[in-house]
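The values are calculated or read from the model by the stated rules, or taken from the named source; none is laboratory data. Bear in mind the structure is a predicted one, so any value in this text is a computation, not a measurement. Don't worry about glycine lacking a Cβ; one is built from the backbone with ideal geometry, like all the others, and counts go over all protein chains shown. The accessibility values were calculated without ligands, DNA or RNA, using every heavy atom of the protein model including side chains. Shrake-Rupley method; radii C 1.70, N 1.55, O 1.52, S 1.80 Å.
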Amino acid sequence: MKFNARAHSNFALVKYWGKRPGASPDLNLPAVGSVSLTVAALATETTVEFADGLIRDEVELLDETGTPVDNLAAIERVVAHLDRVRAMASETRNARVRSQNDFPMGAGLASSASAFAALTLAAARSAGLNLDRSAASRLARRGSGSAARSLFGGFVEMQCGVQPDGSDASAMRLADPKHWDLNVVIAITDASAKAVGSTQGMIDSEQSAFFGAWVEKHDDDVKAMKQAIQTKDFDRLADITEHSCLKMHATMFTNKPGLIYWNPATLEAIHAVRALRAKGTPVCFTVDAGPQVKAICPAEHADSVANALGALPGVERVIKSTIGYDALVAAA
Ligand code: 2P0
């Protein structure tokens with residue numbers, strides 16, 4: 001059977017950065033938990049069919065214009081994930097995979113989150129597995145840590161877990177998309193693929209002298225963020241979001257050699273967000289493993305935030321998004 005899945009990207013308010021020490025790389029266990037928002041405007045659609053007569057997996061990755069992406073490392077990551085599904089389902093056949101993002105890949109817009117969430121759902125169903133959301137989230141995590149969160153819409157928590165087999169390291173919904181009408185305004189400052197991927201970036205950051213402090217204080221941020229979401233306390237959400245983002249980047253800056261994903265326009269956009277907030281607009285920023293700035297604000301302020309960020313010289317374009325819903329899968 002052929003299945004098609006669609007999953008949205010997500011941005012962390014409290015970041016995941018770093019792997020659990022000593023854990024198997026294949027389990028991909030995070031060192032810290034995280035809290036994210038699912039992003040409606042960014043999605044991946046993936047079709048998978050395990051079929052007779054294929055001598056190898058046939059993987060076609062398409063960019064937002066429908067052009068095939070020539071990225072061997074990305075294809076190998078997809079095949080490794082298909083191997084996990086095959087092992088779980090006792091499936092011996094190869095698969096045909098077609099996956100398309102509607103946004104730039106590998107540019108700090110969490111393309112691996114939506115991609116591995118969609119691949120997990122489509123591949124699992126095509127192989128005859130009937131996983132609940134929690135099990136699908138754990139499987140998606142092995143493809144990419146942030147993908148575990150993209151199974152769910154709304155406000156999502158990823159728990160880092162303590163079990164050696166990762167059975168408690170999965171994501172769960174904290175609140176429905178309708179709980180709080182926030183928007184994300186994404187300021188694209190450079191859509192090209194980054195030189196250092198997140199996986200390598202976070203492994204390198206573990207050498208930073210600040211990494212221990214990052215892990216030690218992390219649970220406080222997760223707890224405070226969950227309260228801020230529950231009580232819809234925007235000022236608190238803003239403070240924790242910026243704090244978690246800057247702490248994460250501090251572990252990158254203080255690696256040897258330091259990893260700097262930001263460009264001058266990233267910093268311009270950060271200051272522009274802070275200036276808006278100082279003048280009374282409820283808005284905060286976050287930046288992931290790339291140079292794009294994501295501004296988070298109540299929906300009624302999204303147009304003015306988008307206009308302000310779009311007017312900055314180094315901002316190529318802005319994308320406005322509501323909060324996204326659950327990933328979906330259906331027979332194709
Ligand atoms: C996050 N990022 O919480 C953080 C913030 C980027 C910066 O999760 O190695 O691609 O595949 O598990 O999920 C990006 O890391 O890393 C990420 P892997 P992933 O969204």
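Computing the accessible area with a 1.4 Å probe over protein heavy atoms, can you report the carbon and sulfur percentage for segment 1-110?
Values: 2360 of 4590 Å².
Whole-percent figure for carbon plus sulfur exposure: 51.
Quick one: P(r) of segment 176-322 from all Cα-Cα pairs, 10 Å bins, percents rounded to integers, in order of increasing distance.
Taking every Cα pair in segment 176-322, the percentages come to 11, 38, 36, 15, 0.
When the Karplus curve 6.51 cos²θ - 1.76 cosθ + 1.60 is applied with θ = phi - 60°, which whole-Hz ³J(HN,Hα) does each residue of segment 90-95 get, with x for Gly and Pro?
Computed from phi, the couplings for segment 90-95 are 6, 8, 10, 7, 7, 10 Hz.
Given the DSSP H assignment, sum -39500 (n - 2.57) over each helix run of at least 4 residues in the chain and divide by its residue total; what's the result at 222 nm in deg cm²/dmol, nearest 500? All intermediate terms of the calculation are to be shown ahead of the outcome.
Values: 9 runs with 117 residues, N = 332.
Helix-only estimate at 222 nm: -11000 deg cm²/dmol.
Most mobile of Gln230, Gln159, Gln200 per a Gaussian network model of the chain (Cα springs, under 10 Å)?
Most flexible of the set in this elastic network: Gln200.
Quick one: order Lys15, Lys226, Lys279, Lys247 from most to least accessible surface, probe 1.4 Å.
Details: Lys15 5, Lys226 75, Lys279 180, Lys247 45 Å².
Result of the area sort, largest leading: Lys279, Lys226, Lys247, Lys15.
What relative contact order, as a whole-number percentage, does the chain give when Cα pairs under 8 Å and 6 or more residues apart are counted?
25 percent.
Using C-alpha positions alone, give me the convex hull volume of the chain per residue in cubic angstrom.
Normalising the Cα hull of the chain by residue number yields 125 Å³.
What number, in percent, do you get for the relative contact order of segment 33-188 if the mean sequence gap of Cα pairs under 8 Å and at least 6 apart is divided by its residue count? The partial results should precede the final answer.
Values: 277 pairs, mean separation 42.0, N = 156.
27 percent.
Scan around Leu42 for amide H atoms under 5 Å from its own, H built in the peptide plane at 1.01 Å from N, and keep only partners 5 or more places away or cross-chain.
Those lying under 5 Å, H to H, from Leu42 are Ser9.
For the chain, set up a Gaussian network in which alpha carbons nearer than 10 Å are linked by springs, and say which option among Gly280, Gly314, Gly153 fluctuates the most.
Comparing Gly280, Gly314, Gly153 in a Gaussian network model of the chain, the most mobile one is Gly280.
Tabulate in residue order the Karplus-calculated ³J(HN,Hα) for segment 281-289, using 6.51 cos²θ - 1.76 cosθ + 1.60 with θ = phi - 60°, rounded to whole Hz; enter x for Gly and Pro.
Per-residue couplings from phi come out as 7, x, 7, 9, 10, 9, 9, 9, 7 Hz.
What number comes out for the charge environment of Glu91, summing +1 per Lys or Arg and -1 per Asp or Glu over other residues with Cβ under 15 Å away?
On the way: positive: Lys2, Arg56, Arg84, Arg86, Arg93, Arg96, Arg125; negative: Glu49, Asp52, Asp57, Asp83.
Net charge around Glu91: +3.
Amide H neighbours of Leu62 under 5 Å, at least 5 residues apart or on other chains, H built in the peptide plane: list them.
Val69, Ser99, Gln100, Asn101
Provide the per residue accessible area, probe 1.4 Å, for the chain, rounded to a whole number of square angstrom.
Details: 13880 Å² over 332 residues.
That works out to 42 Å² per residue.
Please calculate the 1.4 Å probe accessible area of Ile260, with all protein chains present, and give it to the nearest 10 Å².
120
Could you check how much of the accessible area of segment 189-307 is carbon and sulfur, as a whole percent, using a 1.4 Å probe? Present the calculation step by step, with values, prior to reporting the outcome.
Values: 3030 of 5580 Å².
Carbon plus sulfur share of accessible area: 54 percent.
Just to compare against my own numbers: the Cα pair-distance distribution for segment 117-163, 10 Å bins, whole % per bin, please.
29, 56, 15, 0
Please arrange Ile319, Ile186 by accessible surface area, largest first, computed with a 1.4 Å probe and ligands excluded. Walk me through the intermediate numbers first.
Working: Ile319 25, Ile186 0 Å².
Most to least solvent-accessible, the answer reads Ile319, Ile186.
Is the shape of segment 1-98 rounded, prolate or oblate, going by the alpha carbon gyration tensor and its root eigenvalues a ≥ b ≥ c, with a/c under 1.5 for rounded and a/b larger than b/c for prolate? Each step should come with its number before you reach the end.
Values: a/c = 2.08, a/b = 1.33, b/c = 1.56.
Taking the square roots of the gyration eigenvalues as a ≥ b ≥ c, segment 1-98 is oblate.
Using θ = phi - 60° and the Karplus form 6.51 cos²θ - 1.76 cosθ + 1.60, what ³J(HN,Hα) does each residue of segment 252-262 get, whole Hz, x for Gly and Pro?
With coefficients 6.51, -1.76 and 1.60, one gets 6, 4, 9, 6, 10, x, x, 9, 10, 7, 7 Hz.
Straight-line reach from Lys226: which lysines have a Cα under 28 Å away, not including same-chain ones fewer than 8 places off?
Lys15, Lys19, Lys178, Lys217, Lys247, Lys279, Lys294, Lys320
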